[in-house]
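All of the numbers you see were taken from the coordinates with simple rules; none came from a lab. Predicted, not measured: the structure shown is a model, and the values here were computed from it. All Cβ positions, glycine included, derive from the backbone under ideal geometry; neighbour counts span all protein chains shown.
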Amino acid sequence: MARKKIALIGSGQIGGTLAHLAALKDLGDIVLFDIVDGVPQGKALDISQAAPVEGYDAKITGTSKYEDLKGADVIIVTAGVPRKPGMSRDDLLEINLKVMEQVGAGIAKYAPKAFVICITNPLDAMVWALQKFSGLPTNMVIGMAGVLDSSRFVHFIADELKVSVEDVNAFVLGGHGDTMVPLTRYSTVAGIPLTDIVKMGWMSKETLDAIVQRTRDGGAEIVGLLKTGSAFYAPAASAIAMAESYLKDKKRVLPAAAYLDGQYGLKGTYVGVPVVIGAGGAEKIIEISLNSAEQKAFDKSVASVEGLIEACKKIAPKL
Ligand code: TXD
């Protein structure tokens, strides 16, 4: 069977890490793309030179020409600028929207059959704009945020309870921002809902609430520590899990920014929900029932995403 082709549009902190992880997992041949000539080529050569040590046979190349993305099976988009301390993800909207327009045109021209995973922030608005600019089917354009936010949530819970991350399953709904909705009722430790963990006295309500807030602030905490950029190891690992579920038709149920066409009472919006990801892309949106408090938090998150989408429409009227 011919090797798959994975194209990475943006070869910065996350892009380079994506390439390294995709190579280590031997997911296919890899093309790193960037507008800064030299960076994709240098990182491709460096990761190729790790192949003899690790034993992967991926062909890894770097380019600044869109035609080199031709026929890509998976495209992961990190092109744009990350935030600096004191900046919100929303502050990146105007500059990164222009980047999505260029990237969307390149994808439409050279890889219209690809499964596209958007990472660029503000994520929910950027993935919505990328789908519009590229014209690809809505099930083939998805945003990575929920896997990262849920992974942060799992890490904090496992760390607090001193249990393996393998036995903690967390759920985050809504936009990738301060209004994200970590769902304690649907998050479990070995199947025990976190709400029961509190009732059992294994964790106090205050500790759980603090973990929920730290999850919301997860990105800003790292930006504040790094000062020169944002998180990239966990974001890259999260996107690779989504790409792998598509490439291997694993049908994983993952939280991701997906196009809603009536689900959750929403139409035409991208927001973080549970999605089945397989060879058909975003194959199924799973509608979970929400209690009034969860619904209120979700509605607030959706409103902030729709506000960003409205801002995109004002900047780019053709959207
Ligand atoms: O969960 C999530 N979705 C977030 C997303 C998690 C972490 C970071 N998040 C966002 O990803 C972040 O706010 C940024 O918007 C993107 C990429 O973050 P990264 O840390 O990789 O940024 P870098 O290192 O600056 O890399 C961006 C690259 C850089 O090499 C630029 O030269 C390139 O993007 N770039 C472009 N490539 C192609 N085309 C254009 N127009 C372009 N402009 C910049």
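Data for the structure
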quantity	calculated
Set Lys43/Lys70; Lys59/Lys250; Lys162/Lys250; Lys84/Lys199 screened for pairs whose C-alpha atoms are more than 32 Å apart	Lys84/Lys199
Global size of the range 197-263 as Cα Rg and Dmax, reported in angstrom	16.7, 42
In the range 147-202, trypsin sites (Lys or Arg not before Pro) in a DSSP loop with at most 14 other beta-carbon atoms within 10 Å	Lys162
Helix-derived mean residue ellipticity, 222 nm - over the chain, DSSP H n ≥ 4, -39500 (n - 2.57), to 500	-13500 deg cm²/dmol
Debye intensity ratio in log₁₀ form over the Cα atoms of the range 137-232, taken at each q of 0.15, 0.22, 0.25 Å⁻¹	-0.60, -1.11, -1.32
Cα centre as origin, Lys/Arg/Asp/Glu Cβ charges: the chain dipole, Debye	520 debye
DSSP H segments from the chain that extend 20 Å or more along their own axis, Cα-based, with Kyte-Doolittle mean of -0.5 or above	93-110, 146-161, 233-247, 292-315
When each of Lys5/Lys267; Lys109/Lys318; Lys205/Lys227 is checked by Cα-Cα distance, pairs over 29 Å	Lys5/Lys267; Lys205/Lys227
Of every Cα-Cα pair in the range 146-314, the percent that sits beyond 26 Å	30 percent
Dipole magnitude (debye, nearest 20) for the range 5-144, charges at Cβ of Lys, Arg, Asp, Glu	220 debye
In Hz, Karplus ³J(HN,Hα) per residue of the range 258-267 (6.51, -1.76, 1.60; θ = phi - 60°; x = Gly, Pro)	10, 6, 9, 10, x, 4, 6, x, 10, 9
Whole-Hz ³J(HN,Hα) from phi, Karplus 6.51 cos²θ - 1.76 cosθ + 1.60, for the range 65-70, glycine and proline x	10, 4, 4, 6, 8, 3
Positive dipole terminus of the chain, leading residue within Asn169, Ala190, Asn291 (C-beta point charges)	Asn291
Size-normalised alpha-carbon gyration radius of the range 256-302, reference 2.2 N^0.38 Å	1.16
Normalised alpha carbon radius of gyration of the chain [divisor 2.2 N^0.38 Å]	0.97
Segments 145-151, 32-38, 263-269 sorted - mean Cβ within 10 Å per residue, highest first	145-151, 32-38, 263-269
Percent of Cα pairs exceeding the 21 Å cut-off, where the set is the range 5-144	38 percent
